[in-house]
Amino acid sequence: MTAEEKHPSISVIAASYLGPSLSPNEDLPWDEASLPHSCDDLVQKVLGQPMRRAGRFIKMVCAGAMACLREVPPAALKNKRTGIFLATGLGNGDEILPFVTQVFKHDGGFPSPNQFANSVSNAAAFFLARTSDIRGVILTVSDEELSFEAALWLAQSYLACGEIDLALVGGCDVYTPTVEEYRERMNTSPANSRDLPIGEGSSWLLLALDQPERIGEILAVQMHSAAISPSEYLRSESYSILSAAAADSPCRIWLPGFRLKNPDAPQGFGLHDYLQSCGIHPTASAFGMARAMRTNPASLLIHYNQLASGRTAIIAAKTSQHIE
Amino acid sequence: MSDHAVHIRGWGAVSTLGWSAAESARNLIAGHIHPAAVCSSSHLTSRDFKAFEIVYDGNPLEKSLAMLDAAISEAFKRAELTKEEIAESCLLVGTTGGLFIRNEYEFTESVRLNPDKESPPISCRNRGPGEVTQLIAGKFGIGGPTFTLSMACVSSSHALVVAAGLLTQKKIRRAVVVGFEPLLNMTLHGFASLLLYDSERCRPFCHTRSGMQIGEGAACIVLEDGRVETAGQNRYTLEGGYLFNDNTSLTSAGTDGEMVKTVVQEALRRAAIAPESIVAIKAHGTGTRDNDLSEGRGLAKVFGDHLPPVISLKGAVGHELGAAGAVETALWLSCLEEGSLPKSFGFAEIDSEIGFAPSQINRPAPAGDYLFTFFGFGATCTSYVIRKI
């Protein structure tokens, strides 16, 4: 069963990626052993002021999303009905875990009401809404490694029906508390994922219907209930249609999600192996798409992602001739 | 009545009043409710909190899965869904904790089984809210797209509105909407830390109210694009769903009632229904000072002197948090099937700032339009109308 692909094409107005190095839209070196880094400097740099009484997850969500919004002039956002679609596989473990530890052990003092409030599933989306002065459609979507794809699919629907003018869609997951636990929560094993460091990130796209000023387009978001191999997908009719729609894109770029044991690009595709830059985390696909959108002009982008169960999601997009 | 409306084809629920929506509704109407009490589940570390606990002979993780199984099976049976229809359905789950219960159960079991050892570190082993969605999809063979909305107390009410929107746009053919929330130490202690817990009883809209009491529950609503005949004795449609999120306060919907008014008016506008057509209101009514003041004032602004009967179910089943939307909707539908609206439990004295008493008698449930409201943490609001035909 495939989710219907009846969405119109969606313009990508802006994209911003943020990985473990905590430097928006830059690929700086990082290593798993040094995670997590404080993101206070990042918050100061992007927001211009500190975020008090908020944990790393909330700060990362806000900094990543605001970095994306800053890519467009304020006039482009003014008087627009903007929806927020926050995807997160694991949510705010950064604040849930200390709170639960206080509940069970009391060795860190009594449970903090502020920490509980921040740990609630949609608190980060609320803080982002307040920071960006957005009201209206705000959804927190949490579907493991396909969270970003699910959020993108829903955002397309809201744009297509005219309920919103703009959609700020992004994925954020943060490292916590140990490598082993993080891997367990992502259900990764040598048998079902690539052997790469784990990472984190907050990466976002700003979308609209039919905007002439754009860096690219989302052509389709497809969700398959069962495993479909890359070669099966590339032989499918839906790929043929997309490929024809992107006939003016001289480059074809393959973006493999971390479940794909063999990341090699299929014939005719170049490889955008973004996981080297952001590490494995549930919403790494948001990083991959945002980064590819910014760095690969005139390209057809195919992002291939899977859950451990085999459920597969594919994002097809194309980038404009001149991105910057 | 358009055949292209969003129809409710089936529903099911497990609440503290019963292991089915039908049983829960009959107990609700008969007044066979049990006040919140100190809980007995082995994973709960404090006996200080009273909550609406579902009785089960087994461990809390098994109970959670049994709750899901019972609610979804009841809904599918009522809907008479074939395997093929289930396979092509879209699944939307509203939950805050997902399977976080596993962490709490495993930790407390580890402590219980090793009384002479120091307790292990707390660990998070669940895979986030989406884990329960994949579990449901796998168990029941739901093959359409899956979405998990983790939006605090409006998780499943938002999921219902999102599903209705996708059906209206014909993006999907059928939606299975599930709400799920087991009792957790995390939420019991959390709301207590916010001083939002009433240690005596849940008293929605009452002058003496002093907080909420948490309940647990699971529910499933099957929505479909197009006319269906298999829901029960009557037919039901979901009209005018509206969700809205403000950014003013993390914990309050604004005690002037303006936001509530705006949200309800927009839901009615989308349903093309005048306020005077509403037969009764299934209010959110948590029993907290601010929520009930916001909601009461908002409803008064919309309905003026013609306020229909207002009923909160939380005095009877508690606040099921992310599952509240689906559970309360399923229970209400079963009450409509029984032909009777229950009284609003826990009320004793009018709050002059609110200015009305919730319904204190059971009433007939005729065909017509029923308004639903839900509000949540993060200034989130959902409202919709269910029409009994």
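The values are calculated or read from the model by the stated rules, or taken from the named source; none is laboratory data. What you see is a predicted model; the values in this text were computed from it and never measured. Methodologically, a virtual Cβ is constructed for each residue, glycine included, from the backbone with ideal geometry; neighbour enumeration extends over all protein chains shown. What goes into the accessible areas is simple: the full protein's heavy atoms, side chains included, and nothing from ligands, DNA or RNA. Shrake-Rupley method; radii C 1.70, N 1.55, O 1.52, S 1.80 Å.
Considering only residues in segment A:167-198 that are within 12 Å of chain B (Cβ to nearest Cβ) and in a helix (DSSP H, G or I), the one that is surrounded by the fewest Cβ atoms within 10 Å (Cβ to Cβ) turns out to be A:180. With respect to the stated conditions, residue B:163 fails to be within 25 Å of residue B:328 (Cα to Cα), more than 7 Å from chain A (Cβ to nearest Cβ), in a helix (DSSP H, G or I) and open to solvent by 10 Å² or more (accessible area, probe 1.4 Å).
Selection of helices (runs of 4 or more DSSP H) fully inside segment A:98-166 by the criterion of at least 3 residues being open to solvent by 20 Å² or more (accessible area, probe 1.4 Å) and modelled with pLDDT of 95 or more returns A:123-132.
Looking at segment A:173-183, can you tell me whether even one residue there is of a type in the set (Val, Ile, Thr) and free of Cβ contacts under 8 Å to residues at least 60 places away in the same chain? Among the residues of segment A:173-183, at least one is of a type in the set (Val, Ile, Thr) and free of Cβ contacts under 8 Å to residues at least 60 places away in the same chain, which makes the answer yes. Out of segment A:249-280, which residues are in contact (Cβ under 8 Å) with a residue 40 or more places away in the chain, in a loop (DSSP other than H, G, I, E, B) and open to solvent by 70 Å² or more (accessible area, probe 1.4 Å)? Hits for segment A:249-280 are A:250, A:261.
Taking segment A:146-159 as the range and being of a type outside the set (A, V, I, L, M) and touching a strand residue (DSSP E or B) at 6+ places or on another chain (Cβ under 6 Å) as the test, the residues that pass are A:147, A:148, A:149, A:153, A:156, A:158. Considering only segment B:232-249, how many residues are surrounded by 18 or more Cβ atoms within 10 Å (Cβ to Cβ) and either within 14 Å of chain A (Cβ to nearest Cβ) or among the charged types (D, E, K, R) (or both)? Residues flagged as surrounded by 18 or more Cβ atoms within 10 Å (Cβ to Cβ) and either within 14 Å of chain A (Cβ to nearest Cβ) or among the charged types (D, E, K, R) (or both) within segment B:232-249 amount to 10. Restricting segment B:132-152 to residues that are part of a helix (DSSP H, G or I) and open to solvent by less than 10 Å² (accessible area, probe 1.4 Å), which is nearest to residue B:240 (Cα to Cα)? Among residues in segment B:132-152 that are part of a helix (DSSP H, G or I) and open to solvent by less than 10 Å² (accessible area, probe 1.4 Å), the one nearest to residue B:240 (Cα to Cα) is B:152. Filter segment B:106-131 for residues that are open to solvent by 40 Å² or more (accessible area, probe 1.4 Å), part of a helix (DSSP H, G or I) and either at the interface with another protein chain (Cβ under 7 Å from one of its Cβ atoms) or β-branched (Val, Ile, Thr) (or both) and give the result. B:111, the sole residue that qualifies.
I'd like to check something: does segment A:179-194 contain any residue that is within 14 Å of residue A:32 (Cβ to Cβ) and of a type in the set (Ser, Thr, Tyr)? Reasoning before the result, please.
Here is the first cut: in segment A:179-194, the residues within 14 Å of residue A:32 (Cβ to Cβ) are A:179-183, A:186, A:188, A:194.
Still in the running and of a type in the set (Ser, Thr, Tyr): A:182, A:188.
Within segment A:179-194 (the criterion being within 14 Å of residue A:32 (Cβ to Cβ) and of a type in the set (Ser, Thr, Tyr)), the answer is yes, since at least one residue qualifies.
Hey, can you tell me all the residues within segment A:295-309 that are assigned to a strand (DSSP E or B), in contact with a Ser or Thr (Cβ under 6 Å, 6 or more places away or on another chain) and either open to solvent by 10 Å² or more (accessible area, probe 1.4 Å) or hydrophobic (A, V, I, L, M, F, W, C) (or both)? Steps first, answer last, please.
Restricting attention to segment A:295-309, the residues satisfying the condition of being assigned to a strand (DSSP E or B) are A:299-306.
So of that shortlist, the ones also in contact with a Ser or Thr (Cβ under 6 Å, 6 or more places away or on another chain) come out as A:299-300, A:303, A:305-306.
A:300, A:306 - these are the residues of segment A:295-309 that are assigned to a strand (DSSP E or B), in contact with a Ser or Thr (Cβ under 6 Å, 6 or more places away or on another chain) and either open to solvent by 10 Å² or more (accessible area, probe 1.4 Å) or hydrophobic (A, V, I, L, M, F, W, C) (or both).
The residue of segment A:68-97 that is farthest from residue A:157 (Cα to Cα), among those that are of a type in the set (Gly, Ala, Ser) and open to solvent by less than 10 Å² (accessible area, probe 1.4 Å), is A:93.
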